[in-house]
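The values are calculated or read from the model by the stated rules, or taken from the named source; none is laboratory data. Owing to the predicted nature of the structure, the values given are computational and were not obtained by experimental measurement. No Cβ is skipped: glycine too gets one built from the backbone with ideal geometry, and neighbour counts run over all protein chains shown. Just so you know, the surface numbers come from the protein's heavy atoms only, side chains and all, with ligands and any DNA or RNA stripped out. Shrake-Rupley method; radii C 1.70, N 1.55, O 1.52, S 1.80 Å.
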Amino acid sequence: MPQNSSPSDPADAHNRPASKGSSLGGWKLWLLKGVLWTTGVALAGALGIVLFVAIALSVAYPNLPDISDLLDYRPKLPLRVYSADGVIIGEFGEERRSLTPIQEIPKVMKDAVLAIEDARFFSHGGVDYLGVIRAGLANVGQAKRQGASTITMQVARNVYLSAEKTYTRKIYEILLTFKLEHLLTKDQILEIYMNQIFLGNRAYGFAAASEAYFGKPLKNISVAEAAMLAGLPKAPSAYNPIINPKRARSRQLYIIDRMEENGFITAEQAKAAKDEELKVKSGPDAGRVHAEYVAETVRQLVYNQYGDETYTRGLNVYTTLRSTDQTVAYKALRKGIMDYERRQIYRGPEKFIDLPSNPQETDDAIDDALTENPDNGDVRSAVVLEANPKRILAMRQNGETVEITGEGLKPAQSGLADKAGPNIKIRRGALIRVVQTPKNTWEITQLPEVEGAFVALDPRDGSIRALVGGFDFEKNKFNHVTQAWRQPGSSFKPFIYSAALEKGFTPATVVNDAPLFFDAGVTGGQPWEPKNYDGQFEGPMSLRTGLKKSKNMVSIRVLQAVGAPYAQDWITRFGFEAEKHPAYLTMALGAGSVTPMQMATAYSVFANGGYRVNPYLITRITDQRGKVVLETKPPVLDDSARVIDARNAFIMDSLLQEVARSGTAARAQSTLKRPDLFGKTGTTNDSIDTWFVGFQPTLTAAVWMGYDTPKKLGDRETGGGLSLPIWINFMEYALKGVPVAEYPAPEGVVNSGGEWYYSEYARGSGVSAVGMQDPAAAAPGAPAAPGTPIQVLPPSDERKRILDLFKN
């Protein structure tokens, strides 16, 4: 039998080295084969990729969109509306964008974008291969992927492609990138990117974003602000400094570090930028000029001219509005309305919400309720946490708590009473409105139901200086300045007096302030027995006194003497529509229909010496490159624009000045401490509408207040109490620095005994008296002849005579 070999066998020892060498050689062979095989596969793969790319190029390249239009880049640009002093007051279009040439974009903004988006932008050819490799390595083992898109790739995607994540879209993106790099310069590509990218808050491009988030032009931003804006392209909503300040701040700091790493800023600049406290706009109202009614009016006018192109061709509309005047007018009207609202009964909370016991759920419920019922300017929303007759604790947006005590509870005492109804009772979960007082305390209030209107214009050319169409545009888009047809009340009387001057009346004409009556058979409706506001009759008085005291009986007798048809025709000279002012004696009390704009335009005739000027709003329109496409020249006041004699305007100015000095509007001159103020209050029957329309020689303004669905404002509410204070608040600011003006007496008027007359009536040849007893009184319906006194007849005859006139 053969014997087994032992490990110490010499033969075995001799064979061992040979076996090892053979094994090593086999391993090398297999390694070589593996390398060759891998290389072959790699070469085949590379060849396949080349073939694939070649096929893709041959198939896809011809189908790529034509990008030659980017040589003359014209993105969709919104319609922008500006005040006369260049403040933006409105913007209309899907995309809020300001086209800014690359040379006008500050270096700090470009550096911030390049630092975070594409630091090698100026050195690669569109695709950053090093960036791709770096991102690939960084992505290994990470759930959250890093991107490697260059700025050129982002332009290709944002301008021409969808946001879907597919291989086909990626291939097209890369091909478009090469095409863009071939056609455009780096600066052209960067300019498109800086203007095209969406940055949240409806802002497209960094110029629009600078205005949206910081309320300042792009050219004025700091390193810190540039870094904040540069963080937006990645995720505009996530890094929005208004909505998510913490996340925005974190990304801003990272970008500042990147700017320093890339040598765009020094360490000192980086530190200063990190320490800088940014003033981010807190919301849509921050720094905003409230001219929504004006902007909407302009939008409608431009749309009628340009159609749908209005919102995409980048038109800039410049108006006559003065931003500071507009802001003062907006605040004055709102203050007047809220002052009135404080005197009204509390109508109860706007709604009630269920507040869970869990604190976090409570905060979420309050946030939802306040989002659905946002602040209305300075009238802010809050949800009640605790309430009793001596204290209300409520929460506002962002968890801010407000405490209301003492005087701040007075407007809502009825809602805190034990017997308050369920819809009135202020309790936990009630959504209420609060305002901050000048003393920095809080006061409960409510959104007003009453509305108002304010318009101011330059009587010398009709340019509109300020226009506020209502309390709040978002709440009620109805423009009360131009669309609300309301009764003007006593503010219409000056136009009747103006007609009377042409019929021989003078400021010294004596008119009897005595009772009048009209029965239902004449009026066709209810019997009418007009009264003075105070219910008192003072007997004979001069025309001047009758207007300054706003005596209704005086106005009716003046119209009776002039003739209603004549007066109806006369008022059309001021821009009123005859059909809206029937030729009845009620016209003397302003029973027709006017708009606040009509009233401001009509009073401007007195203010400018007798010329009719049509109000206008647009001075010029330019395209996106600043080329003027439309321009409005101010009208020239010449004889073609004259509608009343200069003498008529001068004497009416004298009468209206008396109203503002010692009459129903005496508060105007006494408060503003200047004599060159003129105007007339107006209050309709049952105090449904209140007015004040007045002027200084360089500025006319009309104020109206009332309910959209007409109802009483209150027994004691008048034009002098509601509308006049709004006018005064505006004029106090608007007339600062404006020298006191005095109208020169025109040819054909004389002053006799301290009173002004037409020269032909100075010696008593005009109408001396109306409504006084005289057998030679004029026949019913006939206008008074100059020099003929019209006397009071016996009561029955007087009543019949006026009834007859009422039929005309």
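A few remarks follow.
- Identity of the residue in the stretch 85-101, part of a loop (DSSP other than H, G, I, E, B) and buried (at least 16 other Cβ atoms within 10 Å of the Cβ), that ends up modelled with the lowest pLDDT: Glu95
- Scan of the stretch 178-187 for residues that are without any contact (Cβ under 8 Å) to a residue 60 or more places away in the chain and assigned to a helix (DSSP H, G or I), ordered by number: Phe178, Glu181, His182
- Selection from the stretch 699-718 of residues that are within 25 Å of the chain's Cα centre (by Cα) and either buried (at least 22 other Cβ atoms within 10 Å of the Cβ) or among the β-branched types (Val, Ile, Thr) (or both): Leu699, Thr700, Ala701, Ala702, Val703, Trp704, Met705, Gly706, Thr709
- Residue tally, condition of a type in the set (Gly, Ala, Ser) and over 21 Å from Lys335 (Cβ atoms), over the stretch 688-741: 2
- Cβ-Cβ under 7 Å pairs, at least 6 apart or on other chains, the stretch 350-365 side open to solvent by less than 70 Å² (accessible area, probe 1.4 Å), far side of a type in the set (Val, Ile, Thr): Ile353/Val383; Leu355/Thr362; Pro356/Thr362; Ala365/Ile353
- Residues that are exposed (fewer than 15 other Cβ atoms within 10 Å of the Cβ) and among the β-branched types (Val, Ile, Thr), drawn from the stretch 266-323: Thr266
- Residue among Ser723, Ser662 that alone is out of contact with any Ser or Thr (no Cβ under 9 Å at 6 or more places or on another chain) and touching a residue at least 40 places away in the same chain (Cβ under 8 Å): Ser662
- Any hit, the stretch 614-628, residues being basic (Lys, Arg), surrounded by fewer than 19 Cβ atoms within 10 Å (Cβ to Cβ), touching a residue at least 12 places away in the same chain (Cβ under 8 Å) and farther than 22 Å from Thr319 by Cα: no
- Output for the stretch 551-583, where each listed residue is of a type in the set (Ser, Thr, Tyr) and either within 15 Å of Gly489 (Cα to Cα) or touching a Ser or Thr at 6+ places or on another chain (Cβ under 7 Å) (or both): Ser555
- Near pairs, Cβ below 7 angstrom, 6+ apart or cross-chain, from the stretch 397-411 (on the phi > 0 side of the Ramachandran plot) to any residue that is modelled with pLDDT under 90: Gly399/Asp363
- Selection count, the stretch 262-305, where residues are among the charged types (D, E, K, R) and in contact (Cβ under 8 Å) with a residue 12 or more places away in the chain: 8
- Number of the condition not met by Ile644 [criteria: (1) buried (at least 18 other Cβ atoms within 10 Å of the Cβ); (2) farther than 24 Å from Ser759 by Cα; (3) of a type in the set (Val, Ile, Thr)]: (2)
- Single condition Leu190 does not satisfy, out of (1) of a type outside the set (Gly, Ala, Ser); (2) in a loop (DSSP other than H, G, I, E, B); (3) at pLDDT 85 or above: (2)
- Residue ID - most open to solvent (accessible area, probe 1.4 Å), chosen from residues in the stretch 458-481 that are under 19 Å from Asn376 (Cα atoms) and of a type in the set (Lys, Arg): Lys477
- Residues located in the stretch 202-222, provided they are over 15 Å from Ala112 (Cα atoms), in contact with a Lys or Arg (Cβ under 8 Å, 6 or more places away or on another chain) and assigned to a loop (DSSP other than H, G, I, E, B): Arg202, Gly215
- Boolean, Phe454 is crowded, with 24+ Cβ neighbours inside 10 Å, touching a residue at least 24 places away in the same chain (Cβ under 8 Å) and within 26 Å of Pro374 (Cα to Cα): yes
- The single condition from (1) at pLDDT 85 or above; (2) open to solvent by less than 50 Å² (accessible area, probe 1.4 Å) that Glu104 fails is (2).
- Residue within the stretch 658-667 that is surrounded by 17 or more Cβ atoms within 10 Å (Cβ to Cβ), over 30 Å from Gly748 (Cβ atoms) and out of contact with any strand residue (DSSP E or B) (no Cβ under 9 Å at 6 or more places or on another chain) present: yes
- Hey, Tyr330 modelled with pLDDT under 95, surrounded by 16 or more Cβ atoms within 10 Å (Cβ to Cβ) and of a type in the set (Phe, Trp, Tyr) or not: no
- From the options Gly626, Gly610, residue that is small (Gly, Ala, Ser) and under 27 Å from the mean Cα position of the chain (by Cα): Gly626
- Residue within the stretch 395-404 that is open to solvent by 10 Å² or more (accessible area, probe 1.4 Å), modelled with pLDDT under 95, charged (D, E, K, R) and within 29 Å of Pro710 (Cα to Cα) present: no
- Any hit, the stretch 244-255, residues being surrounded by 21 or more Cβ atoms within 10 Å (Cβ to Cβ) and either among the charged types (D, E, K, R) or in contact with a strand residue (DSSP E or B) (Cβ under 7 Å, 6 or more places away or on another chain) (or both): yes
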